[in-house]
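Here's the structure we're looking at; comments come further down.
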Amino acid sequence: MALIELREVTKRYRVGEQEIRALDGIDLTIEQGEYAAIIGPSGSGKSTLMHLLGCLDTPTTGKVVIDGVDVSSATDGRLAEMRNEKIGFVFQSFNLLGKFNVLENVELPMIYTGVSKKERRDRAIAAVERVGLMDRAKNTPLQLSGGQMQRVAIARALVNDPKIVFADEPTGNLDSTTGASILQLFRELSEQGRTIVLVTHDSEIADNAPRRIEIRDGKIVNRAAGFQSGIHTPPPPTA
Amino acid sequence: MNFANSLAVGIREIWSHKFRSFLTMLGVILGVASLLSTFALTDGMAKASREYMTQMGGVERVNVIAQEVPQEQLLLADTSRGRTVEDAELIQRAAKHVSLVTPWYTQFVPLVRKSERLRAYIYGVWPDYVPINRHTVEFGRNITQTDLDEGRAVCVIGTRVIEQLWPEKPNAKPLGETLTINGKPFKIIGIFQLYENEDNRIARLKGKKPVLTTRKGKSYNPYTTKNTAVIIPLTTFYYEYRAANIVGVVDQGPIPKLDGLTIQATDPEHVQDAIDEVSSLLTQTHRGVDDFTFDTRQELAESIEKTAHNTRLTGGLIAGISLIVGGIGITNIMLASITERIREIGVRRAVGAKSGHIFTQILVESTVVGIIGGVLGLVAALGMTHLIKFTTDGASLPVIQTASVALSFGFAVLIGVLSGIYPAWTASRIAPIEALRYG
């Protein structure tokens, strides 16, 4: 079974009198270990799609199945558990807690999992080491550069060993060199077998991912060339 | 998420905005401080009143006092001789719910010893006067029946009399020495104990200056009066002051009317029985003339408790209102802080916090504000009551009771919890994507 499965998913918002169809009949399957980029201009619905995939929101109609769990009509608590155990987020604006140091930020997801203090610390240290920031472990985010902050955010996303990592414009607030190093990190994670979904408006960044899911006006217009929905198999990662 | 973690986060949040947190707590601090101070003051006043009442003989002590003869008995009034020693003797023989009785006379007279003078009330009494009025003869002895029978010129005096008349050695115990009362020498046969309240006793035993300082013309102090006591046998008093009544140049004869008649009931439960017995006895000896009544401490005791209760309630209500206002302050700041931290809430939700976790976090934070505010309030109240100790004359020092502390602190914590409920609920309702969209 696919890791992520979307069937005829729609998402509508009401803004005053007007109804906005943010997503309009999406069918999508993402397999375990895939590295996919969701690309589209602003307002295309790519963020809404990511929210649905990331269990931050539920669809108006249709079915979303993540790792065998139908989350289309899951309770708030169940969604929180999914986010906690199976999903890691990396945001454009890093979203680190300013009052906490690097290790404490990385420990955050494990607090809600109920991991013991000792294990939290050990796993946070391992994750921070993985992104190469052990020398800044006791610093607060304000004392870090943008690239370092994004590495901390990635460490936080990985610390609970999630099935999928979602990255929403992860290089948007970074200069090109730093951005490239962050993308390199994602490629390495992908090579280690982690499922990664990258959301971006930049075609060049999307090129990093072997699979491209283009979205326009709430519809998927072009899946990776030559493949049809549901029968896609991941191509070998390009270095 | 465990409770300890919420607590740590809450404390960190409060600590990171020290001044703002302090302002938030101020309402609670002042509320708790005024609540506890009110309780301490009221308890102090009640304690002083109770102490005073006990010193004055407790609820068992009943004064038989004279009253105006009612209108319809005016023509009969002269048939009654008023309260006399015979009344006292009758009560002593016949009233079974009366354990002690003393008739008494009193007069304001000069006391002289060498060149020292003091004007004071002296009392002519029976030996029972001493236990009824909770006097204790510490040195020497009390007046005895023999003193009464022989009309001896002896007296028992209080410590303040010695202080005033023996200024060169205020701790003297001048037993057997002579004191001139209204020009007649009296032998000192007994000295009363020094009466003082607990605080003073403790201060004195520690060798410190007494907390209680009586200044002239300042408030009435039961201890001063009691320490200035001078008693002599009733018969001696009668021969000296009441055996003749010279108006102009004519002796009107002796005055048998007592200045006072005091009884003590066998126990507090039988005060009314004692009053009934004495009343029926005296109605006979007074030939039905209704010229006496009873002054009990029962009403005083009740009014003390009632006043204490009412003051407690009123003060508590006002302080309680200020605590509630403090709580509203907390709610307000918490709501503002949620708007400020909406992104943090979003991040926490994104990494797996359930709405319940957010609710707990905010609630714990407001509770911590209540707890810290409560503790600071208790400290402030302690300071305030110490300040009050300097300004009062000492008769009614504030008393901090454990129950008052627990009540004030408990109320502060409760306010902390209640004021956090609405902000916590608001914060927990924010959808994760809404929270993340901010900023």
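The values are calculated or read from the model by the stated rules, or taken from the named source; none is laboratory data. Since the structure is predicted, the reported quantities are computational estimates derived from the model, not experimental observations. Please note: Cβ atoms are built from the backbone with ideal geometry, for glycine as well, and neighbour counts cover all protein chains shown. The area values use the complete protein model at the heavy-atom level, side chains included, leaving out ligands, DNA and RNA. Shrake-Rupley method; radii C 1.70, N 1.55, O 1.52, S 1.80 Å.
General observations
- Condition check for A:SER42: among the polar types (S, T, N, Q), touching a residue at least 60 places away in the same chain (Cβ under 8 Å), within 14 Å of chain B (Cβ to nearest Cβ) and not in a loop (DSSP other than H, G, I, E, B): no
- Odd one out for A:ALA209 among (1) surrounded by fewer than 14 Cβ atoms within 10 Å (Cβ to Cβ); (2) modelled with pLDDT of 90 or more: (1)
- Scan of the stretch B:347-357 for residues that are buried (at least 24 other Cβ atoms within 10 Å of the Cβ) and either more than 10 Å from every other protein chain (Cβ to nearest Cβ) or not in a helix (DSSP H, G or I) (or both), ordered by number: B:VAL351, B:GLY352, B:ALA353
- Unique residue being hydrophobic (A, V, I, L, M, F, W, C), away from chain A (no Cβ under 14 Å) and either surrounded by 19 or more Cβ atoms within 10 Å (Cβ to Cβ) or within 31 Å of the chain's Cα centre (by Cα) (or both) when the list is B:LEU23, B:LEU74, B:LEU41: B:LEU41
- Flag for A:GLY98 being of a type in the set (Gly, Ala, Ser) and under 26 Å from A:GLY172 (Cβ atoms): yes
- Only a single item in (1) modelled with pLDDT of 90 or more; (2) more than 14 Å from chain A (Cβ to nearest Cβ); (3) open to solvent by 10 Å² or more (accessible area, probe 1.4 Å) is not met by B:MET384, and it is number (1).
- Residue identified as open to solvent by 50 Å² or more (accessible area, probe 1.4 Å) and in the same structural domain as B:TRP15 (by TED's automatic domain parsing) among B:THR314, B:THR331, B:THR266, B:THR285: B:THR314
- Any chance A:SER47 is under 15 Å from the mean Cα position of the chain (by Cα), modelled with pLDDT under 90 and within 14 Å of chain B (Cβ to nearest Cβ): yes
- Restricting attention to the stretch A:68-83, the residues being part of a loop (DSSP other than H, G, I, E, B) and facing another protein chain (nearest Cβ under 8 Å) number 0.
- Condition check for B:ASN245 on (1) touching a strand residue (DSSP E or B) at 6+ places or on another chain (Cβ under 7 Å); (2) modelled with pLDDT of 85 or more: one failure, at (2).
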